[in-house]
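> There's a structure below that I have some questions on.
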Amino acid sequence: MAAPTTIDLSAALITAPVPIGHWLAILPVAHCIMLGAVLLMLRAHLRLQAWFAIAGLVMLALIDAALLAKVAAEGPLTMVMGRWLPPFGIAFTVDLFGALMAFTSALVALAAGIYALADIGESGRRYGFFPLLMLLMAGATGAFLTGDVFNLYVWFEVLLISSFGLIILGSERQQIDGALKYAVLNLIATTLFLIGVGILYAAFGTLNMADIAARARDLRATAPLMTLASLFLLAFAMKAAAFPVNFWLPAAYHTPRIVVSALFAGLLTKVGIYALIRVVVMLLPVERQELSLLIALAAGATILVGALGALAENDIRRLFGYVVISGIGNMLAGVAIGGPGGGISGAVFYAVHSMVLMTALYLAAGEIARRGGGFLLSGLGGLYRQSGAFTALSLMLFLAACGLPPFSGFWPKVILVKASLDSGAWWLAAVILVGGFLTTIAFGRLFLLAYWRPAPTAAMPSAALWRTGLPLAALTALVVGFGILPEWLLALSQSAAAGLADPQAYLHSVFPGGIR
Amino acid sequence: MEPLLAILVGLFFAAAIYLMLSKFTIRIMLGIAILGNAVNLLLFTSGRLTREVPPIIPAGLDALPAGTANPLPQALILTAIVISFSFLAFLLVLTYRAYQDLGTDDTSKMRAAEPDDRPLPPLGY
């Protein structure tokens, strides 16, 4: 093995203490795991546990915000475990993309945590909702921040096992059914990823992402990099529920508690997209270019399948599940187009928007069910008469999901359509627009039936709860904010995409002495 | 040695995929167990196989001498074994519970989450 390396190995063995600022890279993950343990110890005090969890999630959001600010100001940040410098130690390397995703996921988790105060009852808490939520965040944040491919696999598994726990919370018949399909297919996807990691290690002799990115150019002639890129593509597409491998999502996402669905829709598929962008855009850019037609076809099919599925659904949770799939198609389209100017920055923007929006939509679905008495379109009605404020709020979310201005879904779609026209893929632009149109019809029908239609039965007007209303309103405010003032997020996603396309700063942060 | 192991890995994958294509959950579980082992062997092979020189740094040297075994794949496999074992345990319990609750181990009859007779959405007011 021992590929000839020009990294200064003797420097890597000097174990000077880690600079204090670098701890920020690992702090979010450590915080989540420690808090998970503390919450587990508090399992006999359910009220206290819940408030502890909310405080912990607020802390997590603050830590991630500090990390994002630091990375935005100073460039990528690397912390190596025990100061065993790469290629020996396991590196946590945080660039703008990872920090942005981590911060958004913390916001989403905080909203879901507050909503759970009302939605998750005594028995759900006793089965460990809040500890599992913290461990899920540990897995997601770890995946966003790590700089090592095997480590990414491990965080995927942390994420997966806590999501198994969450999805069967309640143990109803349909939950068991959904969980079985979800669990088996996601486990196969992660195993495919692990196969990719094994071949990657055989080809490169290293699993450090910066090292791989630097060496991929030289190994192109000898190593089976196309095979690798295709394997990773399949594994992450399965995780993200892209077209041919998406059927586990509509089978599972409507079964758990609504706040669990919201978390999953916000986080899990986006972790798959994140990993896809990280691996095929940053590590194997030439292979991404060669696979771009395949990715574009998958993206187009995903958009259409999602939109058509949403049109045909009667259960609003399943309808939103198809909207998640359609959004994944849009992000994949960005990956297929590539290029720091358009495709990737559009995908990054769309990922951030979709995390906030999908969580908000599912929370709104919970609210619809609480007010209207069920999730089925055929039985809903009269919500507008019941509460004008809730109707306005839902309408904003629906318009954002369709990609209509002035809400957050509009800008990434503009970027993606423009980028695909610029790259000559007019049909991809058309598919994105048609997908948006079909989604608009689906949401229009939802609005018509659930809100405008007179109530079929005299529905009980129920008092608003701050525990459900606050997170919903906050997420909607974010959706509106991203739409009206997109410059901030646009600039962030553009520089994140630039950092992915040309990872010099990333490499320099891992190997300050230079690689060759 | 590597070609032999590569063939073995291929056989494991073939058996795993065959079993996972089955309709019955217990066969799918067996397939997943075999798949996990196939991947572990693949990781092991991908670290290159060398004979009998343990990866220990002799006194007076800073680095491993040439020809030693690579310890990293073993660390990776150890992690992967623990993870796949715990997942298999969870999945087996879930399968058993599904068998109890749904009364079948045939995935084509497990329609609790997606019943066959789902109504279409209303087509008018």
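> Would you work out the relative contact order for chain A, in percent, from Cα pairs under 8 angstrom that are 6 or more residues apart? Don't jump to the answer; show the numbers that get you there.
Values: 879 pairs, mean separation 83.1, N = 516.
Worked out over chain A, it gives 16 percent.
> Now, a different point. Highest first, please rank the peptides A:490-496, A:119-125, A:303-309, B:2-8 by the mean number of other Cβ atoms sitting within 10 Å of their residues. Present the calculation step by step, with values, prior to reporting the outcome.
Details: A:490-496: 20.6, A:119-125: 17.6, A:303-309: 22.7, B:2-8: 11.7.
For the peptides A:490-496, A:119-125, A:303-309, B:2-8, the packing ranking is A:303-309, A:490-496, A:119-125, B:2-8.
> Something else: What figure in square angstrom, to the nearest 10, would you give for the accessible area of B:D62 with a 1.4 Å probe?
130
> I'd like the FRET efficiency for A:S123 and A:W452, computed as 1/(1 + (r/R0)^6) with the beta carbon distance as r and R0 of 35 Å, rounded to 0.05.
On the way: r = 37 Å, r/R0 = 1.05.
For A:S123 and A:W452, the calculated efficiency is 0.45.
> With springs only between Cα atoms under 10 Å apart, run a GNM on chain B and tell me which of B:L35, B:L21, B:L64 wobbles the most.
Of B:L35, B:L21, B:L64, the most mobile in the Gaussian network model is B:L64.
> One-quarter of the Cα convex hull surface for segment B:23-125, in nm²?
On the way: hull surface 48.7 nm².
With the hull built on Cα positions only, its mean projection is 12.2 nm².
> Output the pairs from A:K239/B:K23; A:K270/B:K23; A:K270/A:K413; A:K70/A:K418 with a Cα-Cα distance over 27 Å in this structure; if there are none, say none. Don't skip to the end; give the middle numbers.
Numbers: A:K239/B:K23 22 Å; A:K270/B:K23 30 Å; A:K270/A:K413 17 Å; A:K70/A:K418 32 Å.
A:K270/B:K23; A:K70/A:K418, as the Cα separations exceed 27 Å there.
> A further question follows. In whole angstrom, how far apart do the alpha carbon centroids of segment A:116-189 and segment B:1-53 sit?
The two parts, judged by their Cα centres, are 26 Å apart.
> Next question. Taking each residue in B:34-46, count the Cβ atoms of any other chain within 10 Å of its Cβ, then average. What number comes out? Could you put the intermediate results ahead of the total?
Values: counts 0, 6, 3, 0, 2, 7, 2, 1, 7, 8, 1, 2, 10.
Partner-chain Cβ atoms within 10 Å, mean over residues of B:34-46: 4.
> Now for a separate question. Note the angle between two axes, namely the Cα long axis of helix A:258-276 and the longest principal axis of the Cα atoms of chain A, as a number of degrees from 0 to 90, rounded to the nearest 10.
30
> At what distance in nm do the modelled label points of A:M41 and B:E2 sit from each other, each positioned 7 Å from its Cα along Cα→Cβ?
Placing both labels 7 Å beyond Cα along the Cβ direction yields 5.0 nm.
> Over all directions, average the projected area of the Cα convex hull of chain A and note it in nm².
22.2
> For the ranges A:186-193, B:106-113, what's the packing order if you count other beta-carbon atoms within 10 Å of each residue, average per peptide, and put the highest first? Before the final figure, lay out the partial values.
Numbers: A:186-193: 22.4, B:106-113: 16.6.
So the order, starting with the most tightly packed, is A:186-193, B:106-113.
> Return the distance in nm (one decimal) between the two label points of a simple spin-label model at A:L308 and B:V53, each offset 7 Å from Cα along Cα→Cβ.
That separation, rounded to one decimal, is 6.0 nm.
> With a 10 Å cut-off between alpha carbons and a GNM built on chain B, which of B:I32, B:I83, B:I17 moves the most?
Comparing B:I32, B:I83, B:I17 in a Gaussian network model of chain B, the most mobile one is B:I83.
> Would you work out the relative contact order for segment B:43-117, in percent, from Cα pairs under 8 angstrom that are 6 or more residues apart? Don't skip to the end; give the middle numbers.
Working: 41 pairs, mean separation 16.7, N = 75.
That works out to 22 percent.
> Shifting gears a bit: Let me know the mean shielding of A:148-157 by other chains, meaning the per-residue number of their Cβ atoms within 10 Å of its Cβ.
Working: counts 0, 0, 6, 1, 0, 4, 4, 0, 1, 7.
Other-chain Cβ atoms within 10 Å of each residue's Cβ, averaged: 2.
> Please give the Cα centre distance for segment A:316-343 versus segment A:38-56, rounded to the nearest Å.
With segment A:316-343 and segment A:38-56 each reduced to a Cα centre, they are spaced 36 Å.
> On to the next question. Enter the mean number of other protein chain beta carbons within 10 Å of the beta carbon of each residue in A:186-199, as an integer. Could the numbers behind the result be given before it?
On the way: counts 1, 9, 7, 0, 3, 10, 2, 1, 11, 8, 0, 6, 14, 3.
Other-chain Cβ atoms within 10 Å of each residue's Cβ, averaged: 5.
> In percent, how large is the relative contact order of segment A:165-275, given Cα pairs closer than 8 Å and 6 or more residues apart? Can you show the working numbers first?
Numbers: 93 pairs, mean separation 42.4, N = 111.
It comes to 38 percent, rounded to a whole number.
> Let me ask another. What do you reckon, how do A:V108, B:V82, A:V417 stack up by accessible area (1.4 Å probe), largest on top? Don't jump to the answer; show the numbers that get you there.
Values: A:V108 0, B:V82 90, A:V417 25 Å².
Largest accessible area first, the list is B:V82, A:V417, A:V108.
> Let me ask another. Measure off 7 Å from each Cα along the Cα-to-Cβ vector at A:L48 and B:L21, then give the distance between these two points in nanometres to one decimal.
For the pair A:L48/B:L21, the computed spacing is 5.7 nm.
> In Å², and per residue, what accessible area does the protein assembly as shown have when probed at 1.4 Å with the other protein chains present?
On the way: 24750 Å² over 641 residues.
Averaged over the residues of the protein assembly as shown, the accessible area is 39 Å².
> Going by accessible area, probe 1.4 Å, with all protein chains left in place, what is the ranking of A:V414, A:V324, largest first? Spell out each step's value before the answer.
On the way: A:V414 60, A:V324 0 Å².
Result of the area sort, largest leading: A:V414, A:V324.
> Further, regarding this structure: I'd like the accessible area for A:W452, computed on protein heavy atoms only with a 1.4 Å probe and all protein chains in place. Round to 10 Å², please.
140
> Roughly to the nearest percent, how much of the accessible area of segment A:78-139 is carbon and sulfur, given a 1.4 Å probe? Provide the component values of the computation, followed by the final result.
Values: 1040 of 1690 Å².
Result for segment A:78-139: 61 percent of the exposed heavy-atom area is carbon or sulfur.
> Can you sort A:F437, A:F232 by 1.4 Å-probe accessible area, starting with the largest? List each step's numbers first, then the result.
Values: A:F437 125, A:F232 5 Å².
Heavy-atom accessible area, descending, gives A:F437, A:F232.
> Would you mind calculating the gained length between A:S171 and A:A389 on full extension (0.36 nm times residue separation, minus the Cα-Cα distance), in nm to one decimal?
Using 0.36 nm per residue and subtracting the Cα-Cα distance, I get 75.0 nm.
> What length, rounded to one decimal in nm, is gained on full extension from A:V286 through to A:L421, with 0.36 nm per residue of separation minus their alpha-carbon distance? Present the calculation step by step, with values, prior to reporting the outcome.
Details: separation 135, 0.36 × 135 = 48.60 nm, distance 2.11 nm.
Separation in residues times 0.36 nm, less the Cα-Cα distance, equals 46.5 nm.
> Using helices alone, what [θ] at 222 nm do you get for the protein assembly as shown, with -39,500 (n - 2.57) per DSSP H run of 4 or more residues, divided over all residues and rounded to the nearest 500?
Numbers: 26 runs with 441 residues, N = 641.
-23000 deg cm²/dmol, from helical runs alone.
> In addition: Based on Cβ point charges of +1 for Lys and Arg and -1 for Asp and Glu, what charge dipole magnitude is obtained for the protein assembly as shown about its Cα centre, in debye rounded to the nearest 20? Each step should come with its number before you reach the end.
On the way: 35 positive and 29 negative charges, 220 e Å.
The dipole of the protein assembly as shown has a size of about 1060 debye.
> Hey, any idea what % of chain B's accessible area is carbon plus sulfur with a 1.4 Å probe? Walk me through the numbers before you get to the answer.
Details: 5160 of 7610 Å².
Taking all protein chains in place, chain B shows 68 percent carbon and sulfur surface.
> Related question: State, in square angstrom and to the nearest 100, the accessible area buried between chains A and B, both chains counted, probe radius 1.4 Å. It would help to have the intermediate numbers written out before the result.
Working: alone 18980 and 9560 Å², together 24750 Å².
Summing both chains' loss of accessible area gives about 3800 Å².
The values are calculated or read from the model by the stated rules, or taken from the named source; none is laboratory data. Keep in mind that what you see is a predicted model, and the values were worked out from it rather than measured. Don't worry about glycine lacking a Cβ; one is built from the backbone with ideal geometry, like all the others, and counts go over all protein chains shown. For the accessible areas, the whole protein counts, side chains as well, though only heavy atoms, and no ligand, DNA or RNA atoms are used. Shrake-Rupley method; radii C 1.70, N 1.55, O 1.52, S 1.80 Å.
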